[in-house]
1. From the residues in the range 29-66 that are under 22 Å from ALA5 (Cα atoms), out of contact with any helix residue (DSSP H, G or I) (no Cβ under 9 Å at 6 or more places or on another chain) and not aliphatic (A, V, I, L, M), which one is least open to solvent (accessible area, probe 1.4 Å)?
2. So which residues in the range 9-22 are without any contact (Cβ under 8 Å) to a residue 60 or more places away in the chain and open to solvent by less than 40 Å² (accessible area, probe 1.4 Å)?
3. Any residue in the range 161-177 that is aliphatic (A, V, I, L, M), part of a loop (DSSP other than H, G, I, E, B) and out of contact with any Asp or Glu (no Cβ under 6 Å at 6 or more places or on another chain)?
4. Residue check: is SER79 open to solvent by 40 Å² or more (accessible area, probe 1.4 Å), more than 25 Å from GLU132 (Cα to Cα) and not hydrophobic (A, V, I, L, M, F, W, C)?
5. Among the residues of the range 133-154, write down those that are under 20 Å from GLY17 (Cβ atoms) and either assigned to a strand (DSSP E or B) or open to solvent by 20 Å² or more (accessible area, probe 1.4 Å) (or both).
6. Report those strands (runs of 3 or more DSSP E) wholly inside the range 1-112 carrying at least 3 residues which are closer than 23 Å to LEU169 by Cβ.
7. Looking at ALA8, ALA26, ALA76, ALA12, which is the one that is modelled with pLDDT under 95 and either of a type outside the set (Lys, Arg) or closer than 24 Å to VAL181 by Cα (or both)?
Amino acid sequence: MGHPAIQAGRTAVITGGASGIGYAAAERFLASGMNVVIADRNQEALDLAASQLGENVFAVTVDVANLSDVEALRDAVVSRFGGIAVLMNNAGTGGGGSAFGSYKGWQKVLGVNLWGVVHGLQTFTQLMIDQEEPCAIINTGSKQGITNPPGDAAYNVSKAGIRSVTESLAHELRNIDGCRVTAHLLVPGFTYTGLIKQHVS
C-alpha cells in the first residue's frame, strides 16, 4: 500500500467491493484514511458491506457488464468526491463453461470479468490522467489466466484478457507525457471468496 495514490483523503473505487478480495481491499484503503466507493450488483451484500465498513464508505449498485452503469458510477463518484485516486476493477464471476459449452455462460463471464474491466478503463482512465495527480488502476486477474487449467474455459479466457489489456494499458500510460497514472495486474493465489463458495456449495 505504498503507492503515492494511496493517501488520506483521496478516493478509491472498487467494483465487486461487497465481498471477497474487493471487501478486503476496501478495509485496507479505509485503514489508509481514504474515502472508499464500493460498487456491486448484489444489493443485499452491498448493504451489509457498507454497514460493516463504516461511514467513509459510499455504496453504489452497479452491473459492470453495462457501460451505462459504470458511467453512472463515475458521475456519482465525481459528484461526491471530486476525483478518483485508485480504480480497482475487481468484479468477477465464474461458471462460464467449456470451450464449446453454454453460450449464455460465456456471455455472463466475459461480460462481467473482461467487459467489466474494459468498461472501467473506457470510463475512468482519461479522467484520471487529466487529474495530473498520482493515480493507480488495479485490475484483478487470476493465475488461471496464465496457467489455463481445465474446467472453465470462459473464466480462463476472461482472466487472460485482463492480463493482456492491463499490460497494454501500462505501456500506453508510460508513453503519455506527464502521465501520473500507473496500471497494475493483481494475480492472487487461491483465495476462498463468495465466488468459490457458489461453485462448491
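The values are calculated or read from the model by the stated rules, or taken from the named source; none is laboratory data. What you are looking at is a predicted structure, and each value in this text was computed from that prediction instead of being measured. Here the Cβ is made from the backbone with ideal geometry for all residues, glycine too, and neighbour counts use every protein chain on show. When the accessible area is computed, the model is the full protein with side chains, heavy atoms only, and any ligands, DNA or RNA have been set aside. Shrake-Rupley method; radii C 1.70, N 1.55, O 1.52, S 1.80 Å.
1. So, considering only residues that are under 22 Å from ALA5 (Cα atoms), out of contact with any helix residue (DSSP H, G or I) (no Cβ under 9 Å at 6 or more places or on another chain) and not aliphatic (A, V, I, L, M), the one least open to solvent (accessible area, probe 1.4 Å) is PHE29.
2. Of everything in the range 9-22, just one residue is without any contact (Cβ under 8 Å) to a residue 60 or more places away in the chain and open to solvent by less than 40 Å² (accessible area, probe 1.4 Å), namely ALA18.
3. Step one: filter the range 161-177 for residues aliphatic (A, V, I, L, M), giving 162, 165, 169-170, 173, 176.
If we keep only those that are part of a loop (DSSP other than H, G, I, E, B) too, we end up with 176.
Filter once more, so that each one left must be out of contact with any Asp or Glu (no Cβ under 6 Å at 6 or more places or on another chain): 176.
Yes, the conditions are met somewhere in the range 161-177.
4. Details: open to solvent by 40 Å² or more (accessible area, probe 1.4 Å): yes; more than 25 Å from GLU132 (Cα to Cα): no; not hydrophobic (A, V, I, L, M, F, W, C): yes.
So SER79 fails the test.
5. First, pick out the residues of the range 133-154 that are under 20 Å from GLY17 (Cβ atoms): 135-142.
CYS135, ALA136, ILE137, ILE138, ASN139, THR140, listed by residue number.
6. Numbers: elements: 11-15, 35-40, 57-61, 86-89.
In the range 1-112, 11-15, 35-40, 86-89 are the strands (runs of 3 or more DSSP E) which contain 3 or more residues that are closer than 23 Å to LEU169 by Cβ.
7. On the way: ALA26 fails: modelled with pLDDT under 95; ALA76 fails: modelled with pLDDT under 95; ALA12 fails: modelled with pLDDT under 95.
Exactly one residue qualifies, and that residue is ALA8.
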